[in-house]
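Working notes, beginning with the structure itself.
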Amino acid sequence: MQGQWLQPSTVRLSYRASDDPNAARLNRHTTNFQVGGTLRVSRMSLSYQYSVHSAAFSGPKSRRHNWGGIYLSIQ
């Protein structure tokens, strides 16, 4: 979490108060939410899943993460 894949991050994480203007405070509690559903027809099923994670740190650069997926299964 100290950096990004393609570019350096200006965010510095800290558990304590810091004089660094780029320091972000870690959130001690985060949330995770998932929802989804499945449709079945004969031997085929189509599933959808959506997930959300709350921000791991606070500050102007904080962000939550959302993603989803669609899955086709044949049995």
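Here are a few things to note about the model shown:
- Pair list, Cβ under 6 Å, 6 or more apart: the range 49-75 residue on the phi > 0 side of the Ramachandran plot, other residue modelled with pLDDT under 90 and surrounded by 11 or more Cβ atoms within 10 Å (Cβ to Cβ): GLY59/ALA24
- Of all residue pairs spaced 6 or more apart or on separate chains, those with beta-carbon atoms under 7 Å, a first member in the range 17-46 that is within 20 Å of ARG63 (Cβ to Cβ) and a second member that is loosely packed, with under 11 Cβ neighbours inside 10 Å are LEU26/TYR15.
- Extreme residue, modelled with the lowest pLDDT, among residues of the range 51-68 that are over 11 Å from the mean Cα position of the chain (by Cα) and loosely packed, with under 12 Cβ neighbours inside 10 Å: PRO60
- Some residue of the range 3-23 being under 30 Å from TYR71 (Cα atoms), among the aromatic types (Phe, Trp, Tyr) and either at pLDDT 75 or above or part of a strand (DSSP E or B) (or both): no
The values are calculated or read from the model by the stated rules, or taken from the named source; none is laboratory data. Computed from a predicted structure; not experimentally measured. No Cβ is skipped: glycine too gets one built from the backbone with ideal geometry, and neighbour counts run over all protein chains shown.
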